[in-house]
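Remarks on the structure that follows.
The values are calculated or read from the model by the stated rules, or taken from the named source; none is laboratory data. Here the structure is a predicted model, which means the values were calculated and not measured. Here the Cβ positions follow ideal geometry from the backbone for every residue, glycine too, while neighbour counts run over all protein chains shown. Keep in mind that these areas ignore ligands, DNA and RNA; they rest on the heavy atoms of the full protein, side chains included. Shrake-Rupley method; radii C 1.70, N 1.55, O 1.52, S 1.80 Å.
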Amino acid sequence: MDLSAWNIQKDPTLKLDGEWEFYWNQLLGPEDFQPDGGRIPQLTGYMRVPSIWSGKELNGTVLPAFGCATYRLVLKNIPYHGVLGLKKENVRLSSRVYVDGQELFSDGVPSLTEAEYESGNNPQLGFYYCDGSELEIIVQAANYDYINGGIPVSFKIGEQTAMLSQQEKGNLLGFSVLVTLWSIALLYLIFFINARFFKRKAASLLSFAIFCFLFAVGNALTDQRPLVMMLPDISFEAIFKMKDFFLSASLIVVTVIFYQARKGIISLRMTGIVSAVYGCYLIAVLILPIYIYYKLHPFIMLLNTIVLIILLVRTTVLFLRCKKSDVLDYLLLFIAILALNLYSADSILFALSLKTVSSLCQIYIITFAFVTIFRLSMHYYEVLANLRISMKRTQDAEIAFLRSQIKPHFLYNALNSIAALCKEAPDQAEDVVIQLSEYLRGSFDFKTLDSLTTVKKETELLEAYLNIEKVRFGKRLNVEYDIDESINLPIPPLILQPLVENAVRHGLMSGVSGGTVKISIKKEMANVVFAIEDDGIGMEPSQVKRLLEQAPDENGVGLWNINQRLRLIYGNELEVWSERGAGTRVSFQLPWNSQETSLSRGNL
């Protein structure tokens, strides 16, 4: 091969494609081609590289898949002086390479007989010094395992830096796909655990996580085989079996994924049949030598093709018939299945040496992974949205239940007072009835159970209530207001009145002399502080704790009810200070932007 026209500055790497000398069933070294070597090697013919020898006819003989051979190429007029690299991508299924009379690298043990042969076929890169003269390249190859033998991928020669750069890019791509698929697997495993935590069905998430893990391992053991760098002590046969095992196992999971994805794409029966066939093949991979179980490989490739084509046709039909609301979902399914079909077709063509490169496989599988990620993400967040709606409904129901417990208990006492005043002081009885009607109008003036009120309306409600209590208790009850009238934000209705009622009934009126209740609503920094304070009999700390933690009996609302509502709506709690004989102060804080907070929570 004359390289005088090679412009190494413009094209730093060059494929050595062409007709190589071919010596069938001979493993020859540099010494066999020396002028004084004695025996002259018998040339079988010329073999094109890249190609396979299986099925080729030379000198009237059809070459079988199993056997050995020597390839020889002499490069002339190399326009370069310095270090060059030689890259071997794929020689099936063992090789030894000599450059300029010296062994550059070997992979496995090529041999004339199967007994002494060891398989090995990993990409290799070697360097040598070139002085611009002729250069002899000899490749010994032997195959007693694979369905075809030969050199299906081009040898490359090139400048040292360029060859190293290509090697690093290839390894980087392989590791990137590996890490990406493993990261996706971990991500969807987390999604699955999270969904199971909330007791949601999410089998497809687990299936896709398993698929990504299996396929990541299998894919990393093909082409540039980046995972081999992490497993330097494992034999090539073990690596080859691992590749076949993980890729075949991933096809089982793919079938399950599409069974789970949508009804009608693939039936349960077909899923079971495919899984059983692949399961038998996996057992064969584990227990049989490569050359035996690879006799089944054409049937497995045919099954791959049939299953994937069926999935593609079914997905296409469902896409064309789907509702408008499902168009995106079926479109993503179609793209995912199409990517798998292209990946399978590319892999089969490369395995049969009908293609000399398989780099498109990485693009197809990345496309499948990210399309499926997007689709599953849509369904996952749809599940989360439904879960949030369900949780909100549950929360709404709980809040409605809590609010239904807030009954104007003083109503019974007020009616008793009115009955007594009708005889003793009819005018006061009339005032109490008017105040009571005002209170009841404010108490039940809500369109729905989840409506909000304002601070102004809540304080008007308090005034109506306290006016009634003043008529009942006279001078024993004093009321002080300290309210910033500029504060106007939505708050849950009846959130203050029960606190004031408790202060009056239990704090003040439990004592003979009564006392004062102070209502304070002030803005402090970014919060609004609501406080109800009385100078009544007070409570012990243990009693405060019990009131906050235990639901009240049927005769009262209790602090617990208000505390639960604040927790559910705002995530806040009541702050209670009390001392026996000194009084009680109950307060809580709401953010100044609680209007936005409340609206974001669905106007609870």
Label 7 Å along Cα→Cβ of Lys169; the stretch 212-248 residues with amide nitrogen under 18 Å?
-> 223-226
Surface share of carbon and sulfur [accessible, 1.4 angstrom probe, percent] for the chain | 57 percent
Would you mind checking the stretch 278-312 for residues with the amide N under 16 Å from a putative spin-label position 7 Å along Cα→C-beta of Arg321?
-> 310-312
Mean-position separation - Cα centroids, the stretch 311-384 and the stretch 210-235, in angstrom = 22 Å
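When ranked by the protection proxy of mean other Cβ atoms within 10 Å per residue, highest first, what sequence do the peptides 139-146, 332-339 form? Mind dumping the intermediate values first?
Working: 139-146: 24.9, 332-339: 21.8.
So the peptides 139-146, 332-339, ranked by packing, come out 139-146, 332-339.
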State, to one decimal in nm, how far the label point of Glu430 lies from the label point of Gln26, with both points 7 Å from Cα in the Cβ direction.
-> 13.3 nm
Taking only protein heavy atoms and a 1.4 Å probe, the highest-to-lowest accessible-area order of Tyr188, Tyr570 is Tyr570, Tyr188
Determine the gain in length on full extension of the stretch Thr61-Ser587; use 0.36 nm per residue of separation and subtract their C-alpha separation, reporting nm with one decimal.
-> 179.4 nm
Pseudo-spin-label distance Asp36 to Phe370, built 7 Å along Cα→Cβ, given in nm, is 6.3 nm
What share of all Cα pairs of the stretch 24-66, in percent, falls into each consecutive 5 Å distance bin?
-> 5, 19, 25, 22, 14, 13, 4
Distance check, please: which entries in Lys76/Lys156; Lys56/Lys169; Lys457/Lys545; Lys88/Lys243 exceed 24 angstrom between their Cα atoms?
-> Lys56/Lys169; Lys457/Lys545
Under 1.5 on a/c is rounded, so check that first for the stretch 11-152, then, if it is not, pick prolate when a/b is larger than b/c and oblate when it is not; a ≥ b ≥ c are the square roots of the alpha carbon gyration tensor eigenvalues.
-> prolate
accessible surface per residue for the chain, probe 1.4 Å, DNA/RNA/ligands not counted, whole Å² -> 49 Å²
Could you work out how far apart the two model spin labels at Lys456 and Ser51 are, taking each label as a point 7 Å from the Cα in the direction of the beta carbon, and quote it in nm?
-> 9.4 nm
Rounded tilt (10° steps) of 268-287 against the dominant C-alpha axis of the chain | 50 degrees
With every protein chain kept in place and a 1.4 Å probe, the residues Ser275, Ser183 fall, from largest accessible area down, as Ser183, Ser275
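Taking R0 as 60 Å, what's the FRET efficiency between Val74 and Ile310 from their Cβ-Cβ distance, rounded to 0.05? Can you show the working numbers first?
On the way: r = 51 Å, r/R0 = 0.85.
Calculated transfer efficiency: 0.70.
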Label corresponding to semi-axes √(5λ) of the Cα gyration tensor in Å when calculated from the structure given, among (i) 47, 32, 20; (ii) 87, 25, 19; (iii) 51, 47, 20 | (ii)
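Going by the alpha-carbon gyration tensor, a ≥ b ≥ c the square roots of its eigenvalues, is the stretch 475-569 rounded (a/c under 1.5) or, if a/c is not under 1.5, prolate (a/b greater than b/c) versus oblate?
Oblate is the answer for the stretch 475-569, as a/c is 1.5 or above yet b/c matches or exceeds a/b.
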Which longest run of the chain has no exposed loop site in it, a site being trypsin sites (Lys or Arg not before Pro) in a DSSP loop with at most 14 other beta carbons within 10 Å, and the site itself not part of the run?
-> 40-198
Run the 1.4 Å probe and let me know the accessible area of Asp233, rounded to the nearest 10 Å².
-> 150 Å²
Potential extension, Leu568-Arg546 segment - 0.36 nm per residue separation minus Cα distance = 6.0 nm
FRET E, pair Ser267, Asn386, Förster distance 35 Å, beta-carbon r, rounded to 0.05 = 0.80
Largest first, what is the accessible-area ranking of His81, His506, His379, His297 with a 1.4 Å probe?
-> His81, His506, His379, His297
Helix-derived mean residue ellipticity, 222 nm - over the chain, DSSP H n ≥ 4, -39500 (n - 2.57), to 500 = -16000 deg cm²/dmol
DSSP loop (so not H, G, I, E, B), at most 16 other Cβ within 10 Å: list which GluC sites (Glu not before Pro) in the stretch 457-490 pass both filters.
-> Glu485
Calculated FRET efficiency, Ala419 and Lys475, Cβ-Cβ r, R0 22 Å, to nearest 0.05?
-> 0.50
Charge context of Met301, other residues only, Cβ under 13 angstrom, K/R +1, D/E -1 | -1
Positive minus negative residues near Lys87 (Lys, Arg vs Asp, Glu; Cβ under 10 Å) = +2
Give me the number: length gained by fully extending Met229 to Ser183, i.e. 0.36 nm times residue separation minus the C-alpha to C-alpha distance, one decimal in nm.
-> 14.6 nm
Net charge of neighbours whose Cβ lies under 9 Å from the Cβ of Val479, counting Lys and Arg as +1 and Asp and Glu as -1 = -1
Quarter of the Cα convex hull surface for the stretch 169-387, i.e. its orientation-mean projected area (nm²) = 12.9 nm²
